[in-house]
Every structure is written in structure tokens, then in C-alpha cells.
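In what follows, a structure is listed as C-alpha cells, so that the remarks can point back to it.
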Amino acid sequence: MDTDLRTSLTKAGFTIRVTDERWIHITESHDYMAGYLDHVIETVEDPDWLVKGWTDEIIAIKQYLVSSSVKKYLVVVYKDLPDGFVITAFMTSKHEKILKRGIIWEK
């Protein structure tokens with residue numbers, strides 16, 4: 001049975017879920033994400049940018065300092081619906097490429 005690990009409120013006001021199935025998928029695909037569940041929630045709730053997805057997904061991006069001089073961007077892809085959910089999440093240093101998809105909202 002798929003259970004909710006955490007829920008988060010999006011900028012559009014919907015509650016979305018991070019399910020155990022999705023979290024396992026995320027951490028198996030990107031093992032470095034294992035300790036970043038709280039950051040995923042923070043990125044959805046307080047993103048630096050919201051970007052258009054491929055179809056009806058939203059992409060939230062938030063900058064984090066991983067060391068005193070290294071910036072990384074956490075990318076969270078989710079369905080922003082009344083019963084929405086996180087699809088995937090990963091870190092990148094090349095957020096500009098994602099921003100080219102079309103910024104919906106910016107901090």
C-alpha cells in the first residue's frame with residue numbers, strides 16, 4: 001500500500017503528497033537525495049522559481065549552498081492538483097537549462 005511520507009502546500013494552495021513509493025523511486029534513481037526529504041518539502045513550499053513542466057507538471061527550483069562556495073539547485077517535479085503528488089526530485093548545478101522551459105513564478 002502506498003502511504004504518504006509527507007505533505008506540502010504549493011504556491012497554488014494545493015496539498016501535495018510525497019508517497020513512500022515516490023521517495024523510494026527518487027532515492028534509488030538519485031541516491032544522494034536520501035537525506036533531503038525536508039529540502040524537497042521546503043522547495044515545494046518556498047521555491048525560488050516555478051517552471052512549466054512537460055505537460056501539466058510544475059517544476060519547483062530552489063538554490064542551496066552545499067559548501068561555502070558550491071551552489072546546487074534542488075529540482076522538484078510535481079502535479080499541482082487537489083490530490084497532487086511529487087513525481088521526482090534531483091540536484092543540479094545547471095538550473096538555467098530548466099528555467100528556459102518558461103518561468104511561471106519567481107521569488
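The values are calculated or read from the model by the stated rules, or taken from the named source; none is laboratory data. As the structure is a computational prediction, the values presented were derived from the model and not from experiment. All Cβ positions, even for glycine, are placed from backbone atoms using ideal geometry, and neighbour counts span all protein chains on display.
Points worth noting:
- The set of residues in region 50-69 being buried (at least 20 other Cβ atoms within 10 Å of the Cβ) and either not β-branched (Val, Ile, Thr) or not in a strand (DSSP E or B) (or both) consists of Leu50, Ala60, Lys62.
- Taking region 20-31 as the range and being surrounded by 11 or more Cβ atoms within 10 Å (Cβ to Cβ), more than 17 Å from Thr3 (Cβ to Cβ) and without any contact (Cβ under 8 Å) to a residue 60 or more places away in the chain as the test, no residue passes.
- Leading residue by the ranking (farthest from Thr10 (Cα to Cα)) among those in region 75-107 that are among the acidic types (Asp, Glu) and surrounded by fewer than 16 Cβ atoms within 10 Å (Cβ to Cβ): Glu96
- Cross-chain or 6+ apart pairs with Cβ under 6 Å, region 73-98 first and within 15 Å of Lys62 (Cβ to Cβ), then assigned to a strand (DSSP E or B) and charged (D, E, K, R): Leu74/Lys62; Val77/Glu57; Met91/Lys72; Ser93/Lys72
- Filter result for Lys72 (outside any loop (DSSP other than H, G, I, E, B), modelled with pLDDT of 95 or more and buried (at least 19 other Cβ atoms within 10 Å of the Cβ)): no
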